[in-house]
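Visitor: Take a look at this one; I'll ask things after.
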Protein chains: 2
Amino acid sequence: MRERQTRQLDATYAVVHAAHDHPTAEHVHERVQQRLKRISLGTVYRNLQKLVAQGRVRVVRIGPRSARFDAMLEPHEHFMCEICDEITDLSSAVAVPIRRTSLRRRGYNVTGQTTTFFGTCPRCARATRSN
Amino acid sequence: MRERQTRQLDATYAVVHAAHDHPTAEHVHERVQQRLKRISLGTVYRNLQKLVAQGRVRVVRIGPRSARFDAMLEPHEHFMCEICDEITDLSSAVAVPIRRTSLRRRGYNVTGQTTTFFGTCPRCARATRSN
DNA sequence: CTTTCTGCAAACTCTTTGCACTCGT
DNA sequence: ACGAGTGCAAAGAGTTTGCAGAAAG
């Protein structure tokens, strides 16, 4: 046997899959603890790594803070609000796959891509204006 | 007076500006030390922050390792090789500005964007094939 | 039973910071 | 000479890891 199915792994995946807010490892830990009170942060980190290696979860590295996790596997883009730090999903542009082809012609092997927009989200933009 | 022009700040900017390989803070430190032997890593970090705040340098946060710095201010995309960790510049797609407009219509205030492709660069792709 | 996984705590990496001193202006 | 900037070393955040014991198959 190679990989075991543990409560900790299942719960970690369930939390990331249910989340729609790109949680950090610490967020995931807090949420998993609601079900498994004794799970440690180290285990959450190990299981997140495992899920990423299995391709069931993706890492989103944006901004100066911690890595964030996402079980949305369909290609999509992100918007990061520099005021509230919230990351929202954007539906993917149609134009993008074309660029991959041109890179492949130049000898690159492209396995992934991310586009992130930065700025102020509508909610924070409104709040800023009214202050 | 507000900001002073120190040897350390000048040298830090000169190194980033001359670099074409997206150096980490530690890289920048090593290179600046060739001219100012007593400069500390903390000072390099503080000066890199200052340059970023001034808009003379950009931070590139890709991959699990440290932040990397770039004085190339024209819009461009990145390719990160997952084997050798090298980040290369790609000329920017023409299609991208269009998407910003559509985000603005939805209430986002867009101040920046990055697109990164992941995979294997031509050199590593060749090396892998021949092994 | 065997081997992987876990909890815990310590270690590690990257970055920031407090303090006394230095150096631009 | 005033105060922003510096070097140094210690502290912080985020993440990884060694180990002894727990538990999946």
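Read-outs: derived from the displayed coordinates by stated rules, not from any lab. These figures come from a predicted structure and were not determined experimentally. Counting neighbours? That spans all protein chains shown, and the Cβs are built from the backbone with ideal geometry, glycine included.
Visitor: Can you tell me, using C-alpha contacts under 8 Å and at least 6 residues apart, the relative contact order of chain A as a whole percent?
Guide: Once normalised by length, the contact order is 20 percent.
Visitor: Moving on. So, in nm, how far is label residue A:105 from label residue A:7 when the simple model puts each one 7 Å beyond its Cα toward the Cβ?
Guide: 5.7
Visitor: Just the Cα atoms of the range A:1-50: what Rg and Dmax do they give in Å?
Guide: Over the range A:1-50's Cα set, Rg and Dmax evaluate to 10.3, 34 Å.
Visitor: So what J values fall out for the range B:4-15 if you push phi through Karplus, 6.51 cos²θ - 1.76 cosθ + 1.60 with θ = phi - 60°, rounded to Hz, Gly and Pro as x?
Guide: Coupling constants for the range B:4-15: 9, 9, 9, 4, 5, 5, 4, 5, 5, 5, 4, 5 Hz.
Visitor: I need the semi-axes of the equivalent ellipsoid of the protein assembly as shown: take the C-alpha gyration tensor, multiply each eigenvalue by 5, square-root it, list largest first in whole angstrom.
Guide: They are 32, 24, 23 Å, listed from largest to smallest.
Visitor: Something else: Can you check what the net charge comes to around residue B:72, using other residues whose Cβ is under 10 Å from the Cβ of residue B:72 (Lys, Arg +1; Asp, Glu -1)?
Guide: Every neighbour counted, the sum reads -2.
Visitor: Moving on to the next point. To the nearest 500 deg cm²/dmol, what mean residue ellipticity at 222 nm is calculated for chain A from DSSP H runs of n ≥ 4 alone, each contributing -39,500 (n - 2.57), summed and divided by the residues?
Guide: -12500 deg cm²/dmol
Visitor: Shortest first and in nm with one decimal, please list how far the residue B:17 label point sits from its counterparts in the other copies (point 7 Å along Cα→Cβ).
Guide: 5.3
Visitor: Take peptide B:117-126, look around each residue's Cβ out to 10 angstrom, count Cβ atoms belonging to other protein chains, and average those counts.
Guide: 5
Visitor: Taking springs between alpha-carbon atoms closer than 10 angstrom, which of A:14, A:53, A:25 fluctuates most in the Gaussian network model of chain A?
Guide: Evaluated over chain A, the most mobile residue of the options is A:53.
Visitor: Then there's this: Could you list the GluC sites (Glu not before Pro) in the range A:1-53 that lie in coil according to DSSP, counting only those with at most 13 other Cβ atoms within 10 Å of their Cβ?
Guide: Taking the range A:1-53 and a limit of 13 other Cβ atoms within 10 Å, the loop GluC sites (Glu not before Pro) found are A:3.
Visitor: Among B:40, B:66, B:102, which one shows the highest mean-square fluctuation when chain B is modelled as a Gaussian network with alpha-carbon springs under 10 Å?
Guide: Checking each option, the largest mean-square fluctuation is seen for B:102.
Visitor: With only alpha-carbon pairs counted, each pair once and no self-pairs, how large is the Kirkwood hydrodynamic radius of the range A:1-109 in angstroms?
Guide: Averaging 1/r across every pair of different Cα atoms and inverting gives 15.6 Å.
Visitor: Taking only C-alpha pairs under 8 Å that are 6+ residues apart, what is the relative contact order of the range B:17-68 in percent?
Guide: 38
Visitor: Measuring nothing but label to label, 7 Å from Cα along Cα→Cβ, what are residue B:56's distances to the other copies in nm, shortest first?
Guide: 5.0
Visitor: Quick check: the distance between the Cα centres of the range B:102-122 and the range A:1-56, to the nearest angstrom?
Guide: If you average the Cα positions of each part, the centres end up 28 Å apart.
Visitor: Can you tell me which of B:108, B:45, B:13 moves the most in a GNM of chain B? Springs connect C-alpha atoms under 10 Å apart.
Guide: Greatest mean-square fluctuation among the candidates belongs to B:108.
Visitor: Place the label 7 angstrom along Cα→C-beta at residue B:83 and in each other copy, then list the distances from the first to the rest in nm, shortest first.
Guide: 4.6
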